[in-house]
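Notes for the one structure printed next.
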Amino acid sequence: MKTLTQLLQFFHILPIIIRVSIITCLITSIILFDGTAQTKSINENQLKAAFIYNFTRFINWPPQSFTDAESPFIIGIFGEDRLSTHLNLLIKGEKLNNRPIIIKTYSSAQKIGACHILFISSQSASEIKNQLWYINRKSTLTVSDMPNFAKTGGIIGFYKVQNKLKLQINMYEVKHSELIFSSKLLSLCNIYNAN
């Protein structure tokens with residue numbers, strides 16, 4: 001863990017374009033190559049945090065999803081918090097289109113405020129399942145590691161195949177969320193088209 005912290009500290013002094021390229025290469029190589037290697041150097045929660053951070057670089061949010069020109073970009077975590085420590089290391093000192101990036105955690109569905117990405121832990125997904133359509137339509141990217149999340153109304157679901165972490169995306173929900181995904185990100189996802 002100490003080595004990872006030192007690596008992340010070095011990572012933050014690199015120019016933004018180099019950082020984005022490194023993260024993109026890391027995620028692509030982890031998806032394409034054997035998953036057993038990924039668990040030795042990086043744990044699953046660190047990897048999920050890296051994916052979520054990278055979503056900010058490959059998805060565009062509509063202007064109306066921000067209160068004003070200076071409002072922050074918010075990453076929310078609902079339920080069991082396994083990712084905020086890793087996300088905080090990745091976003092330290094970072095901005096997205098001159099907006100600060102902040103992490104918020106929510107302990108109940110009623111307390112969920114406006115956010116741009118909402119990670120929903122698999123243990124808490126059933127509490128919020130009936131509200132996904134509403135959250136997605138506020139241009140919030142819903143992400144979870146709940147089994148079949150994308151097929152049950154979420155936008156991006158993490159799943160594993162032969163110990164490799166994969167992404168499934170619900171294109172019906174993407175269209176209704178008004179989020180614009182880059183073709184590079186879509187090429188890494190298993191596409192689910194709901195009828």
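If you count only protein heavy atoms and use a 1.4 Å probe, how large is the accessible surface of W133, to the nearest 10 Å²?
150
Which value, in Å² rounded to 10, gives the accessible area of D68 with a 1.4 Å probe and all protein chains present?
Approximately 80 Å² for this residue.
Considering only protein heavy atoms, what is the solvent-accessible area of I135 at a probe of 1.4 Å, reported in Å² to the nearest 10?
Answer for I135: close to 10 Å² accessible.
Evaluated at 4 °C with a viscosity of 1.567 mPa s, what Stokes-Einstein diffusion coefficient in µm²/s does segment 72-129 have when Rh comes from the Kirkwood expression over alpha-carbon pairs?
Numbers: Rh = 11.9 Å.
For the chosen part, D equals 109 µm²/s.
Per residue, how much accessible area does segment 140-192 show when a 1.4 Å probe rolls over the protein heavy atoms, in square angstrom? Let's see the in-between values first.
Working: 2280 Å² over 53 residues.
Per residue, segment 140-192 has 43 Å² of solvent-accessible surface.
Compute the distribution of all C-alpha to C-alpha distances in segment 43-184, in bins of 5 Å from 0, and list the percent of pairs in each, rounded to whole numbers.
Cα pair-distance distribution for segment 43-184, in percent: 2, 10, 21, 25, 23, 14, 4, 1, 0.
Whole-Hz ³J(HN,Hα) for each residue in segment 170-183, computed from phi via Karplus 6.51 cos²θ - 1.76 cosθ + 1.60 with θ = phi - 60°, x for glycine and proline: what do you get?
For segment 170-183, the Karplus curve yields 9, 5, 4, 5, 4, 4, 7, 8, 6, 7, 10, 8, 6, 5 Hz.
The values are calculated or read from the model by the stated rules, or taken from the named source; none is laboratory data. What you are looking at is a predicted structure, and each value in this text was computed from that prediction instead of being measured. The area values use the complete protein model at the heavy-atom level, side chains included, leaving out ligands, DNA and RNA. Shrake-Rupley method; radii C 1.70, N 1.55, O 1.52, S 1.80 Å.
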